[in-house]
1. Can you find even one residue in region A:3-20 that is within 16 Å of DNA strand D (Cβ to nearest atom), under 24 Å from A:Glu123 (Cβ atoms) and open to solvent by 70 Å² or more (accessible area, probe 1.4 Å)?
2. Of the residues that make up region B:14-34, is at least one without any contact (Cβ under 8 Å) to a residue 24 or more places away in the chain, within 11 Å of DNA strand C (Cβ to nearest atom) and either under 30 Å from A:Thr116 (Cβ atoms) or more than 12 Å from chain A (Cβ to nearest Cβ) (or both)?
3. Could you list all residues from region A:21-49 that are charged (D, E, K, R) and surrounded by fewer than 16 Cβ atoms within 10 Å (Cβ to Cβ)?
4. If you take the residues in region B:111-128 that are touching a residue at least 12 places away in the same chain (Cβ under 8 Å) and of a type in the set (S, T, N, Q), which one is farthest from the other protein chains (Cβ to nearest Cβ)?
5. Got a sec? Which of A:Arg20, A:Arg75 is under 20 Å from A:Ser131 (Cα atoms) and at pLDDT below 95?
6. Restricting to region B:23-68, name every residue that is modelled with pLDDT under 95 and on the phi < 0 side of the Ramachandran plot.
7. Mind listing whichever residues of region A:5-34 are aliphatic (A, V, I, L, M) and closer than 14 Å to B:Pro106 by Cα?
8. Considering only residues that are within 8 Å of chain A (Cβ to nearest Cβ) and in contact (Cβ under 8 Å) with a residue 12 or more places away in the chain, look in region B:89-109 and name the one that is surrounded by the most Cβ atoms within 10 Å (Cβ to Cβ).
Protein chains: 2
Amino acid sequence: MLLSKSCMYGLRASVLLASRENAEFVTIRELSDELNISFYFLTKVLQQMTKANLLESYKGPNGGVKLAKPAGEIRFMDVVIAIDGLKSLNECALGLPGCGVMKPCPLHEQWSALKTDMLNMMESITLKQLSIHERTAKASDQTIDIKNRINTFFEPN
Amino acid sequence: MLLSKSCMYGLRASVLLASRENAEFVTIRELSDELNISFYFLTKVLQQMTKANLLESYKGPNGGVKLAKPAGEIRFMDVVIAIDGLKSLNECALGLPGCGVMKPCPLHEQWSALKTDMLNMMESITLKQLSIHERTAKASDQTIDIKNRINTFFEPN
DNA sequence: ATATATTAAGACATAAGACTCTTTAATATG
DNA sequence: CATATTAAAGAGTCTTATGTCTTAATATAT
């Protein structure tokens, strides 16, 4: 598993938030209901994102969370770093602490190449693009609306 | 973490075995000492590989384990599948159970492309190539011999 | 003020992964 | 045959990730 479950949950919630253009606060309860993620657990995850200034939160009635920046300015990678940490993106495939250019493990070169592609992807894709992907998919298949497209995934896992 | 620790340990041990051309049984104790991996834990991991017919084991004096096939015929991927399972190579980046061509998650395409590259890599690289990499690295830097190259990594992690 | 809605924080519970030890089975050697 | 050497199997323990609950803090509305 490349990303932790926490991170996956954070990403799913982020994309859902990004798809809500009109940017008012959304309650975590609503997010957890739509995404079929434990409310308690999702709360913890989103707290991390709030601390990392990716989300803005507001307590009390009409409170909730929303993206702290336009969806186009939050990169996939930002979410991953906020939740799983930078280290998770830098690991040697064999888990060797000293692995690097100076002391490459047998897989270093091949793995580095893949990692570069992966990091490029994570760096270039924004939440906006991910949410737009949802919308275009919707446009091309009118039988499935955004909410369904997202929700159908969220069977209990 | 893409691969489990068990899997990393299995790969490290495999590469070490592959670098021992002359293919007599090597004791797990010797492997665990050289790789600085817990003997007990490595034993469990290698048992999985034995069950998967990647290793051959032999009990009693002069016993140990060795590759069940020529190193050139054991792919990186075989070790990963034996230890982490096929499922680990097939996961959706967001952990969505139904994700696929028919019901792609927002990241499906990009992630699929990366996964294809990764699987190609895992499929094409054999233990022989990984062990040869060790040897050529040795040749290009005579101050570091194979054992040191491998061992220097194995600080406690 | 009081009641209500919400996130934050911290404590707790459960599950999975990582690691350890003991016993058993197989084999070799004297 | 007796002893030593090794992996296999199974039963633990420890740690980390995941998931749940309770209380506190903050805001709104009446």
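The values are calculated or read from the model by the stated rules, or taken from the named source; none is laboratory data. Here the structure is a predicted model, which means the values were calculated and not measured. No Cβ is skipped: glycine too gets one built from the backbone with ideal geometry, and neighbour counts run over all protein chains shown. Surface areas here come from the heavy atoms of the whole protein model, side chains and all, with no ligands, DNA or RNA. Shrake-Rupley method; radii C 1.70, N 1.55, O 1.52, S 1.80 Å.
1. The answer is yes, given that some residue of region A:3-20 is within 16 Å of DNA strand D (Cβ to nearest atom), under 24 Å from A:Glu123 (Cβ atoms) and open to solvent by 70 Å² or more (accessible area, probe 1.4 Å).
2. Yes - at least one qualifying residue is present in region B:14-34.
3. Taking region A:21-49 and keeping what is charged (D, E, K, R), we get A:21, A:24, A:29-30, A:33-34, A:44.
A:Glu21, A:Glu24, A:Arg29, A:Glu30, A:Asp33, A:Lys44 - these are the residues of region A:21-49 that are charged (D, E, K, R) and surrounded by fewer than 16 Cβ atoms within 10 Å (Cβ to Cβ).
4. Among those residues, the one meeting the criterion is B:Thr126.
5. Numbers: A:Arg75 fails: at pLDDT below 95.
Being under 20 Å from A:Ser131 (Cα atoms) and at pLDDT below 95 holds for just one of A:Arg20, A:Arg75, which is A:Arg20.
6. Our first condition is that a residue be modelled with pLDDT under 95; within region B:23-68, this holds for B:23-24.
Across region B:23-68, the qualifying residue is only B:Glu24.
7. Going through region A:5-34, the residues aliphatic (A, V, I, L, M) turn out to be A:8, A:11, A:13, A:15-18, A:23, A:26, A:28, A:31.
Answer for region A:5-34, where residues must be aliphatic (A, V, I, L, M) and closer than 14 Å to B:Pro106 by Cα: A:Met8, A:Leu11, A:Ala13, A:Val15, A:Leu16, A:Leu17, A:Ala18.
8. Filtering region B:89-109 for residues that are within 8 Å of chain A (Cβ to nearest Cβ) and in contact (Cβ under 8 Å) with a residue 12 or more places away in the chain, the one surrounded by the most Cβ atoms within 10 Å (Cβ to Cβ) comes out as B:Pro106.
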